[in-house]
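Notes follow the structure.
Read-outs: derived from the displayed coordinates by stated rules, not from any lab. Since the model is a prediction, treat every value here as computed from it, not as a measurement. Here the Cβ positions follow ideal geometry from the backbone for every residue, glycine too, while neighbour counts run over all protein chains shown.
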């Protein structure tokens, strides 16, 4: 019974670490033991931030306000927050976390000490458990973004976070059926899907993408891409268990070595044949975005691998395409699925980021599977 001498009820959020053996002590003896616990240190964790209304890593694109929730009331003067593009190096580091002095973060919005705000307006609710952010310019739809909450965030009792919190998110891109002013060109594309949950893995895809320039309707065939197994490509012979990676420099690597960027498309060849290969058809749209980019969204579809037996149910991607300084058409965005099954067991929803680029026509793989005629 709750409150009965000698019984143990669930610990509250701030609690004493009491030895489990004391739960078995009769009430009379426990009354003699409790004074020994008078000096027990009470554990009170620092506040934890999260993004309100987030579902499978996505927010509705109609949301004009970003809401940051805190697990308990915070001291606003200790909040240092920014909204940034989630662009990382091969080690998963942001521009201000790597060792390259030439890279820097370019925040869309910041909230600093003394309520110094750039890029929009922000206000706390009455009990300082919610921060409402209204950007002057809408955050981009499609690309992967992150809210960064720097260390030192404190509650009313002075309990502070000891490290940066990174909260990834993206806005859901919805096909509207508008005629694009800058239609995405049809052709061969190379995509990298870096999945964070439920397991960390990179999926490489070579795709034959067909876009109707009048409607923006997209039909594509996504095919598994493997590192080129051809021998004799590296200056020194590779072991039988290795392949030659030519970019960014020649090196013998394991076939599972992740790609460092979408510019390494020439190191990959299509592998559509089961049981280890796969190829599947994708429907979607390519439409103009307010910032001048071209947004791509695909309808959910299933990715099925026979060996090992893995199925991504309802895989969907968004990617925002722009032309970079070198003239290449590249994109960044999000990738995810409603569930991932390993064999017959569910591992949960998948969340991650997407990157892609148009492959020059002269470099397009000749044996890349085409989408069906519909």
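The figures follow:
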{"read-out": "Separation in nanometres of the label points that stand 7 Å from Cα toward Cβ, at residue 281 and residue 67", "value": "4.1"}
{"read-out": "Virtual spin-label span in nm between residue 257 and residue 102, 7 Å along Cα→Cβ", "value": "2.3"}
{"read-out": "C-alpha center-to-center spacing [the range 64-136, the range 200-214] in angstrom", "value": "32"}
{"read-out": "Packing-based exposure ordering (other Cβ within 10 Å, fewest first) of 211, 269", "value": "269, 211"}
{"read-out": "MRE, 222 nm, helices only [DSSP H, n ≥ 4, -39500 (n - 2.57), over the chain, to nearest 500]", "value": "-500 deg cm²/dmol"}
{"read-out": "Distance (nanometres) between label positions extended 7 Å along Cα→Cβ at residue 239 and residue 363", "value": "3.0"}
{"read-out": "Extension gain (nm, one decimal) between residue 181 and residue 56, 0.36 nm per residue minus Cα-Cα", "value": "41.9 nm"}
{"read-out": "Answer label, with volume of the Cα convex hull per residue in Å³ calculated from the coordinates and candidates (i) 152; (ii) 240; (iii) 222", "value": "(iii)"}
{"read-out": "Sorted by Cβ neighbour density within 10 Å, fewest at the top, the residues 195, 317", "value": "195, 317"}
{"read-out": "Potential extension, residue 305-residue 157 segment - 0.36 nm per residue separation minus Cα distance", "value": "48.1 nm"}
